[in-house]
Protein chains: 4
Amino acid sequence: MKGKLGFACDYMKGAHPSVMEKMMETNMMETIGYGRDEVTEEARDLVRKACDCPKALVEFLIGGTQTNAVMIDAFLRSYQGVIAADTGHISIHEAGAIEASGHKVITLPHSEGKITARQVKEYLENYYNDDSYEHMVIPGMIYLSQPTEYGTLYSLEELKGFRQVCDEYDIPLYIDGARLAYALGCPDNDVTLKDLACVCDAFYIGGTKCGLLFGEAVVIPDPEAIPHLFTTIKQHGALLAKGRLLGVQFAELFRNGLYYEIGKHAMEAAERIKNALKEKGYRFKIDSPTNQIFCIMDNEALKGFGERVEYTFWEKYDDTHTVIRLATDWGTTDEEVDALIDVL
Amino acid sequence: MKGKLGFACDYMKGAHPSVMEKMMETNMMETIGYGRDEVTEEARDLVRKACDCPKALVEFLIGGTQTNAVMIDAFLRSYQGVIAADTGHISIHEAGAIEASGHKVITLPHSEGKITARQVKEYLENYYNDDSYEHMVIPGMIYLSQPTEYGTLYSLEELKGFRQVCDEYDIPLYIDGARLAYALGCPDNDVTLKDLACVCDAFYIGGTKCGLLFGEAVVIPDPEAIPHLFTTIKQHGALLAKGRLLGVQFAELFRNGLYYEIGKHAMEAAERIKNALKEKGYRFKIDSPTNQIFCIMDNEALKGFGERVEYTFWEKYDDTHTVIRLATDWGTTDEEVDALIDVL
Amino acid sequence: MKGKLGFACDYMKGAHPSVMEKMMETNMMETIGYGRDEVTEEARDLVRKACDCPKALVEFLIGGTQTNAVMIDAFLRSYQGVIAADTGHISIHEAGAIEASGHKVITLPHSEGKITARQVKEYLENYYNDDSYEHMVIPGMIYLSQPTEYGTLYSLEELKGFRQVCDEYDIPLYIDGARLAYALGCPDNDVTLKDLACVCDAFYIGGTKCGLLFGEAVVIPDPEAIPHLFTTIKQHGALLAKGRLLGVQFAELFRNGLYYEIGKHAMEAAERIKNALKEKGYRFKIDSPTNQIFCIMDNEALKGFGERVEYTFWEKYDDTHTVIRLATDWGTTDEEVDALIDVL
Amino acid sequence: MKGKLGFACDYMKGAHPSVMEKMMETNMMETIGYGRDEVTEEARDLVRKACDCPKALVEFLIGGTQTNAVMIDAFLRSYQGVIAADTGHISIHEAGAIEASGHKVITLPHSEGKITARQVKEYLENYYNDDSYEHMVIPGMIYLSQPTEYGTLYSLEELKGFRQVCDEYDIPLYIDGARLAYALGCPDNDVTLKDLACVCDAFYIGGTKCGLLFGEAVVIPDPEAIPHLFTTIKQHGALLAKGRLLGVQFAELFRNGLYYEIGKHAMEAAERIKNALKEKGYRFKIDSPTNQIFCIMDNEALKGFGERVEYTFWEKYDDTHTVIRLATDWGTTDEEVDALIDVL
C-alpha cells in the first residue's frame, strides 16, 4: 500500500479527525457500560433529532454485518425469511450470518443492485397463491440497501412503493445504510433521514464507512416494534462493554452536521473522478451516482494503473477488459484526487 | 457518577493513555481491512512471542461474549455442548449466545467460581456409562475462566489436571481470559501465558477490561485445530472492518510489556484496598486474590458509602448485610485508592 | 428379549389392536397429505371434544422430543428460554433439541421430578430484580411434564398456581403429556383434559407411549396464540406426508374412550405390582403413583431377576443396592403381571 | 376426493399391502426402542446388500425434509452451505429447514430440475478465485435429487462428473432419493443402488412415496464419515421411539425385491398414460422419464378433467393453457389407468 493512492474502499483510514479528538477528550471519563451512559444518551437524542423522530428507539452497534444479523433476527419469527436483492450484502457477503440465526434470505434478481416494489409484490402474490405456500419460508421482511452495493440509489417515490407493499402484507421494511452519508451527500438523492424514518420500520446510519472508527446507528421509529432489543444485541455478541465509545462518535457526527459534510466531501471527490474518467473516454459498468465508481479498464492499462493506485477488482468485463471499483470517502484529499486523475 | 469514586467495574474508562496515543498516531494510515494489515500482523507476532508459541493462530475480536460464542461455535459440532461452571460467564451472562448458535452449556456446581478436573472427569464417566448417553448432548469442550467470575485463580497444577481429562476424552480446553492481566499481575498466580499456550487448545487474552478501548486476542496454539476461523468470525458479525484498530491496540499492549504493568498496577491498588478493609474489620464473601474484591457491608453503612463510591451490588448477605464488589483496573489512581480508604 | 417379561419401558410393542385394525381398514383410502384430510379433521374434533375446548387448535406430531422442540420454538422469541425442572425431558434427554433451535433451558432443582410455582415465581422475581437481567436469557415459558419423568403428578391446585405465575409474568404454560393416559388413569389424579385446556397455553396428549404406533396430539386452546404453526412444523421436519396416519390413530383413541381405558388398564397392572412389591418388603425410591415403578433391589437378587425380566437401570442406590424402573402399559397382560410377581 | 381418480401425488394411500401385513404380524413383538432391535438390524443388512456396500452405515428416518435436514446438518460445519438446484426440494419446499439449522442453500439455476457438474465446478472456481471468498458461506456439500423434483434423471456418467468435482474440492455428494424406486424402475435409468453407494458420500432410499407408511433409509458408505449420527438424529427430533416400525417396513421392501417391483409397476402405469397422452396430441412441459407426468392442458378441457381426476396444478403455461402434474405410484391400478385414459 506504501506510496499508492488508496481508492480501494471506504474503510482504509481510521476516523475523521474531529471524531478522534472527541475520543481523546473523553478517554478518561468514567461512565457505566453498555451504552447506558449520558454521552450515548446525547448521541441518541441527536440522531432522533436528525431523523425528526423524537420517539425513535436508537441503538448503536459496531459493524454492518452484525447490525443486519441483529435487526433481521429481532424482527423475524423463526418461520420467516427476508426478501433481498440477489446482490444484497446479506445475500452474499455476510458469510451466512442471517442463515446462522435461522433465517432464509429470499433473493430477487437485481438491476444495478436494486429491486423494485413491483417485483416484491409479485413475489408475495405468487407466494400466497401457491397451493403449497405453507411449505415454504414465510416472507417476513424486506431488506434494501441505500445506497446499494452497486452505488445506486432508491428514490423517495420508489421507497414509498415498497412501503405500500409492506403495509399491504404487514411486513417491515428495513434499510441498510452502511454508506448512507454518501447517499445523503449525493446531488441525485431525494431521500432524507426524516424520509427514512417515515418510510421504514428500521434502518441504520452507517458510521464505519462514513468517518468513524466503527459504529452503526440503528433507528426504529416505533420503539415498541421490537421488544428486548438490548438482550438480542447481547445474545449476538454485539454489545460493546464501553458502549460510550459509540455514543462519543455518533454524537460528534450529528452535533454539527459532520455526517452531511462527510457525504458531500466524498461526493465532490467522486464527481471530479467521474468527470475525468468520462473526459478520457472511460466507460462505466454501473451508473453509480454515489461514492463508488465502477469503470471499465483495458487489461494492459490496468497493469500500470495498479502500480500507482489501490483499487478493487469488481469483475471480468470481457477478454481484454476488467471492471474495477474506485471509492472515495471522508478522508479522500484533493491531492489524492489530482494524483489519481494524473494517472488516468 | 459525577464526583463519586469509580470502583464499580473495570470498564468505566476508555483506554490506557499509551494505547490512545497509538490510535491517534496511526489514525490516517491506509491499510486493507479485516485484520490483514501489517500492524495487525505485528500484533499477532508480539502475542505469539509473549506466549512463546511461534506457530499459534492469533485472531483479534471485539468483546468477551462475542469471543466465547465464536470460539465455542468454532470448536463444537452441532451435537456437542460445552462444560462450564454454573457461575461461568457463558452460563449466565451472555443472554444465551452459546445456545443461540445451537450449543448447550452443561453446568457443574462451582466452588468460589471454580470447578475441578475431578468434577469434569466424573461427569464424563457418568455420561459415557449412562445407557442413554446418546440421547444427551455430547460434552465436546471444557470452558474455564482465568481469573474466574469470582476473582479466583486456577493453579498450573489444576489446569494440568483439566488437560489430562481433556486428553483422555479427546476434547478441547478453552479458557476465557477476560481479566487475564489481573491474573498475570497477581502474586498468587503461577500460570503464565506460555503455560496457557501449553495447556489449552485455545484461550483469549482480554483487552476490554485490561486497558484497551475494546478487544480480545484469541490464541490457538495448533493453527490447524479449527479451520476457517475467519469465516466463522465473519458469520458471527464479529469481524471488524477496520481490523487494524485491534492490531494497533494489542501491539501496544505487548510491545514493551504494558499488559503486565497494567495487571501489576491494578493488583497493587487492590492489595491496598483489601488490606485496609481487613484492618477495619470488614469480612470478605469470596477470597479473591485478583482485582475484584467481594466484601460484606452493613446495610446502614452502605448508604453513606454509596454516596461517595460507585460499587456493584453482588448479593444479599443477610437481613442487615450486603455483599458488594469493588474492582480496580489499569486506570485506578493512588489518589482514588486513598480516597476510598478514607471512606471506609 | 426372547422369553423375558417386558417391563423395561412403555414403548416396546406396536399399537393397541383396535388402532392397528383401523390402520388396516383405512390403508387403501386416498386422501390429500399433511393432515388436511377428513380423518384427521375428525380426530381434531374428537380431541377438542375430549378437552371440552371447541376452538382449540389441534395438531398431530410424531414423537415427544419433536413435539417439545416444535412447540417451544413456536412460542418463544429468539431472546427467550424455557424454565424446566432439571430432570425435565427437555433438560436432559433430548440431545440439545431445544438449544439447537436457539433456546436455553433454564433449570430449577426438582423434587421427585416436580418443581413448584413458588420456585418459578422466585426465579422470575430474582431475575427481574437483578441489575443485569437484560444480559441474561429472558424466561419466556414454563415447561412441566404430567406425569413427570419420575412418575409423579401435579395436582390441579398446583397447576393453578403455575397459571397464576404465568399470568403475572405474561408467559405461557406448556405441559408435556408423553404419558398422559397414565395420569388420567391414576386414582390419585385430579386433573382432567378439560382442566389442562383451562390451565395451559398448550399441552400434548401422548400417543407413542399410550397405545399408538407413534403420535402426539398438541392442543392449543387459543388458536391465535401461535401463528403459522404448520410452517414451523414443516421447518422442524416434523410434518408427516401421510398425515392421515396420525388422524386415524387419534380418532380411534378418542372415539370411544380408548385413551382412558388404556390408562386404567396400565394403572391396574401397576397397582398390582406395587402391592406385591410392598408385601414382599421392597422399598421404593420414588413414590410414583403412575405406571412407572422405581424400586430398590438388592444387587445379588437383581442378577436372577434380570434373567427373567426386562427392566431399566435407574441409578445406583448404595454399594449393595440398585434402583430399577419397571413400567406397565396398554399392552401389559394379567399373565405378565402374575409372572412378574412370581419372580419377586 | 370421493369418486375421483387419484393422480395428484404419490402419497395418497397408506402402505403396500405386504408391508401392512408385516406391520400386523409384528405388532405385538416386544423389542427395545430407537432402532436398536433385531428387525431393524435385519433391514440394515438387507439395504447394505441391495447397495453391495457391506460396511455402510444405514439409518432409518421418517420423512424427506427431516432426512435432508439431518444429513446436511450432520455433514456440514457451521460455516458451510450446501449447493443445490434452485428447484431443489431443500431450496424451496422445506420451509427453511436447512437454514433453521444454520446453513445456507446456495442455489444454481436448473435445467428441467437438473444442474451440471460443470456448473458446480465453475461456481467453486469462481468462489475460490474471489478475493473476498472468506466473507461468503463456504460451499461444503452438493445436493442432488434422483429423480429430480421435475421427474428427470441423472445418468451414471453425470453423477461421476459430480463425484470428480467433489473429489477435487473435497466436499461430499449427497443424493435425495425420495422417489428413488421410480428411478430404479425406469427403463431410461442406468444408475443402480450400488452405483449410488460408489458415487455418493450419502444418499437416501425413499420409502414414503414408494410404498411405505413413512420412512427413508439413509446410506452412508463410509461409516466413519459422520460421527454421532444417532445423537444428531435425536437432536433433530427425528428419532422414532418404536424404531422397529421403520425396520419392519424396509426389511419388507428389500427382502424379496419389493422396492424394484413397486418402481416397475408405477413406471408401467406412467408409460401407458404418457403414450395415451401423446396419441391424443397432448404436449409435455417437461420430458420426465419417471412417474411424474407434466402435461399441458387446455383450460376449458381442464375443468371437465378436474371433475373426474385429482391432479396437481403445476404452473400457468399461457393464457389458455395450464401445466398439470399427474403421478403414478405403487398403488395405481390398471383400472385407474384405464379410467384416466378414458377421460382424456
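The loop-placed GluC sites (Glu not before Pro) in the range B:19-70, going by DSSP, include none that has at most 10 neighbouring Cβ atoms within 10 Å of its Cβ.
Once backbone amide H atoms are built at 1.01 Å from N, C:Thr87 has C:His110 as its partners under 5 Å, excluding neighbours fewer than 5 places away on the same chain.
Label-to-label distance, C:Glu300 versus C:Ala225, with points set 7 angstrom from Cα along the beta-carbon direction: 5.4 nm.
Other protein chain C-beta atoms within 10 Å of residue C-beta, averaged over D:240-250: 4. Mean per-residue shielding of peptide D:64-77 is 3, counting Cβ atoms of other chains within 10 Å of each Cβ. Counting only other chain Cβ atoms within 10 Å of each residue's Cβ, the peptide D:211-219 averages 2. Modelled spin-label separation between C:Asn275 and C:Leu344, with each label point placed 7 Å from Cα along the Cα-to-Cβ direction: 1.0 nm. Relative contact order of chain B: what whole-number percent is it, with Cα pairs under 8 angstrom and at least 6 residues apart? Reported as a whole number, the value is 26 percent. Checking every one of the GluC sites (Glu not before Pro) in the range C:222-269 against DSSP loop status and a limit of 10 other Cβ atoms within 10 Å picks out C:Glu224. Here the sum of -39500 (n - 2.57) over DSSP H runs of 4 or more residues, divided by the residues of the protein assembly as shown, equals -12000 deg cm²/dmol at 222 nm, to the nearest 500.
When restricted to Cα atoms, the protein assembly as shown yields an Rg and a Dmax of 32.9, 105 Å, respectively. For the range A:17-256, the C-alpha radius of gyration sits at 1.00 times the compact-globule guess of 2.2 N^0.38 Å, with N the residue count.
Averaging Cα coordinates gives a centre for the range C:130-157 and one for the range B:178-233; these two points are 37 Å apart. Kindly give the distances from A:Phe313 to its copy-mates, label point to label point, with each label point 7 Å from Cα along Cα→Cβ, as nm values to one decimal ordered shortest first. When each copy's label point is compared with this one, the spacings are 4.9, 5.9, 6.1 nm.
Between the alpha-carbon centres of the range D:31-79 and the range A:297-317 there is a gap of 53 Å.
Roughly speaking, to the nearest percent, how much of the protein assembly as shown's 1.4 Å accessible area is carbon and sulfur? Ligands and nucleic acids excluded, carbon and sulfur reach 47 percent.
Nearest chain C C-beta to the C/B rotation axis, reported as residue and distance in angstrom, is C:Glu99, 2. For chain D, the antiparallel share of DSSP beta bridges with both residues in that region comes to about 60%. With 18 Å as the limit on Cα-Cα distance, the pairs of B:Lys55/B:Lys194; B:Lys121/C:Lys285; B:Lys285/C:Lys104 that go past it are B:Lys121/C:Lys285; B:Lys285/C:Lys104.
Placing a label point 7 Å from Cα along the Cα-to-Cβ direction at B:Asn256 gives distances to the equivalent points in the other copies of 3.5, 9.0, 9.3 nm, listed shortest first. Take D:Ala276, push a point 7 Å out from Cα through the beta-carbon direction, and compare it with the same point in every other copy: 6.2, 7.6, 9.8 nm, smallest first. Burial of accessible area (probe 1.4 Å, heavy atoms of protein chains only) in the range B:126-150, relative to its chain alone, reaches at least 30 Å² for B:Glu134, B:His135, B:Met136, B:Val137, B:Ile138. Checked against a 22 Å cut-off, the cross-linked pairs A:Lys264/A:Lys316; D:Lys278/D:Lys303; A:Lys209/A:Lys280 give Cα-Cα distances beyond that limit for A:Lys264/A:Lys316; A:Lys209/A:Lys280.
Spacing of the modelled spin labels on D:Asp190 and D:Phe284, each 7 Å from Cα toward Cβ, amounts to 1.9 nm. Normalised by the number of residues in the range B:130-214, the mean separation of alpha-carbon contacts (under 8 Å, six or more apart) gives a relative contact order of 31 percent.
Scanning residues 5 or more positions from A:Gly207 or on other chains, those with amide H under 5 Å from its amide H are A:Gly215, A:Glu216, A:Ala217, with H placed 1.01 Å from N in the peptide plane. When the label point is put 7 Å from the Cα of C:Asp167 along its Cα-to-beta-carbon vector, which residues of the range C:186-219 have a backbone N closer than 11 Å? The answer is C:199.
The values are calculated or read from the model by the stated rules, or taken from the named source; none is laboratory data. Everything quoted here is computed from the prediction, not taken from an experiment. Methodologically, a virtual Cβ is constructed for each residue, glycine included, from the backbone with ideal geometry; neighbour enumeration extends over all protein chains shown. When the accessible area is computed, the model is the full protein with side chains, heavy atoms only, and any ligands, DNA or RNA have been set aside. Shrake-Rupley method; radii C 1.70, N 1.55, O 1.52, S 1.80 Å.
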